[in-house]
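> Shown below is the structure under consideration.
The values are calculated or read from the model by the stated rules, or taken from the named source; none is laboratory data. Since the structure is predicted, the reported quantities are computational estimates derived from the model, not experimental observations. Positions of Cβ are generated from backbone atoms using ideal geometry, with glycine treated the same way; all protein chains shown enter the neighbour counts. For accessibility, only protein heavy atoms count, side chains too; no ligands or nucleic acids. Shrake-Rupley method; radii C 1.70, N 1.55, O 1.52, S 1.80 Å.
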Amino acid sequence: MKNDFYNKSYISIDQITSKEQVMSLFAVANTMEKHVLSGKVYEPLKGMCVAVLFYQPSTRTFTSFSAAAKRLGAYVIGLNEMNSFSSAAKGESLEDTIKAIHQTTGANAIVIRHPDDNSSEVAAGASYVPVVNGGSGKKEHPTQALLDLYTIYRKFGRFNNLHIAMVGDLKFGRTIKSLSKLLTVVGEKITITFISPKELRAPKELIKELKEKGVTISQKSQFGHVLEEVDVVYMTRVQKEWFEKEGKMEEYERLKLKFILEQKHVDKMKKESIVMHPLPRVGEILLEVDNDPRAWYFKQMRSGLYVRMALLKSILLK
Ligand code: CP
């Protein structure tokens, strides 16, 4: 299969322009799963180095990129707390840091998470080697979108004719933006119901773009009867860090738990539907839901390992 990712940065979901691109990556991800589950050594990236630079907290993305590179045999330079412990704390520009990391480590690829919306573009512009966006500001989380879609495909075996409810902080959350855009590339007859407090609605430009691309959109401020209709409920947390930055903690306290998914809600969902969440959760899905077969947010995390292995391999090997 054609490898469109080879030797390129992956910084935006807008770079995914065809279903074929997605399917070829997912085919590699399927192979990655087999390698991981076999327990045998598999080192196609032996001798290579991947730097993982995080300026914002992370459990999943940091560890799964690090594990993905290591499981492929690459040497990993993993640095979190970049804001405090790199020379960024002394005022070094992102461009200089990216150049420095390549020079000091010989990294063949750099994964970055950063609070600025355009950080990955800036990093890729300065970098001698491919840059992968592990989450940029409020705007993009393009590898999360791929792993979310991979999870959906593994459950339903299709991209068409899906109804997804995206719930919570649709204003600051970056995952729903990347996933909803990706769905327009691969699927037909997609329906998205955005459910949030009015203060946290999805950006108007996003809604306009999705409608232009044929997605049926509705916006609600309560669950209503939607849960009975959807294939996927995609929960998100209200993003405290952005309220803190804007000095709006009272608003955060008021909005943070407007939508809590309880077992009584899941009981209304179709038997074949699933609950997803990019995680972390901070109260918006009760623990009582975890044992329901529709709770797919833990499986979703494992998709991240396989998809990120596939992406790193595709970027670094022809
Ligand atoms: N989904 C996600 O990006 O999780 P982390 O912030 O833990 O990486």
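> Compute the angle between helix 19-38 and the longest alpha-carbon principal axis of the chain, please, reported from 0 to 90 degrees and rounded to the nearest 10.
70
> Can you tell me which of 138-148, 97-107, 67-77 comes out highest on packing, and rank the rest after it, using the mean Cβ neighbours within 10 Å? Write down the numbers at each step before the final one.
Details: 138-148: 24.9, 97-107: 17.3, 67-77: 20.6.
Averaged packing, sorted descending, gives the order 138-148, 67-77, 97-107.
> Got a number for carbon plus sulfur as a percent of the chain's accessible area, 1.4 Å probe?
49
> Of Val307, Val266, Leu287, which is farthest towards the positive pole of the range 224-318's charge dipole, taken about the Cα centre with +1 and -1 on the beta-carbons of Lys, Arg and Asp, Glu respectively?
Val307
> If you don't mind, another one. In degrees from 0 to 90, rounded to the nearest 10, what is the angle of the helix 60-71 Cα long axis to the longest principal axis of the chain?
Here the helix axis deviates by roughly 40 degrees.
> Now, a different point. Treating only the Cβ of Lys, Arg, Asp and Glu as charged (+1, +1, -1, -1), what charge dipole size does the chain show about its Cα centre? Round to the nearest 20 debye.
Its charge dipole is roughly 720 debye.
> Right, here's the next one. When only alpha-carbon atoms are used, what values of Rg and Dmax, in angstrom, describe the chain?
Rg then Dmax for the chain, in Å: 19.3, 56.
> Moving to a separate point now. Return the loop-located trypsin sites (Lys or Arg not before Pro) in the range 28-57 (DSSP other than H, G, I, E, B) with at most 14 other Cβ atoms within 10 Å of their own Cβ; answer none if there are none. Don't jump to the answer; show the numbers that get you there.
Details: sites: Lys34, Lys40, Lys46; in loops: Lys40, Lys46.
Filter output for the range 28-57: Lys40, Lys46.
> Further question: Using 17 Å as the cut-off for backbone N distance, which residues of the range 206-237 belong to the label zone defined by a point 7 Å from the Cα of Glu272 along Cα→Cβ?
Residues 228-233 fall inside that zone.
> Under a 5 Å amide H to amide H cut-off, with H placed in plane at 1.01 Å, what residues pair with Ile274 once short-range neighbours are removed?
Close amide H contacts, sequence-distant or interchain: Val232, Val233.
> Based on the Cβ-Cβ distance from Met23 to Lys220, what FRET efficiency comes out when R0 is 35 Å, to the nearest 0.05?
In this case the efficiency is close to 0.60.
> Cα axis of helix 297-316 to longest principal axis of the chain: angle in degrees, 0 to 90, nearest 10?
30
> Rounded to the nearest 0.05, what FRET efficiency do Glu229 and Asn118 have when you use their Cβ-Cβ distance and R0 = 51 Å?
0.85
> Still on this structure, please answer the following. How large is the Rg to Rh ratio of the range 9-103 when both quantities use alpha carbon positions and Rh follows Kirkwood?
On the way: Rg = 16.0 Å, Rh = 15.5 Å.
Over the Cα atoms of the range 9-103, Rg/Rh equals 1.03.
> Okay, next question. With a 1.4 Å probe and all protein chains kept in place, how do Trp296, Trp242 rank by accessible area, largest first?
Trp296, Trp242
> Starting from the amide H of Ile77, placed 1.01 Å from N in the peptide plane, find each other amide H under 5 Å away whose residue is 5 or more places distant or on another chain.
Excluding prolines and chain starts, which carry no amide H, the hits are Val50, Ala51, Val52.
> State log₁₀ I(q)/I(0) for the range 175-318 at q = 0.10, 0.13, 0.20, 0.21 Å⁻¹ as given by the Debye formula over alpha-carbon point scatterers of equal weight, solvent excluded.
Results for the range 175-318 at q = 0.10, 0.13, 0.20, 0.21 Å⁻¹ read -0.40, -0.69, -1.40, -1.46.
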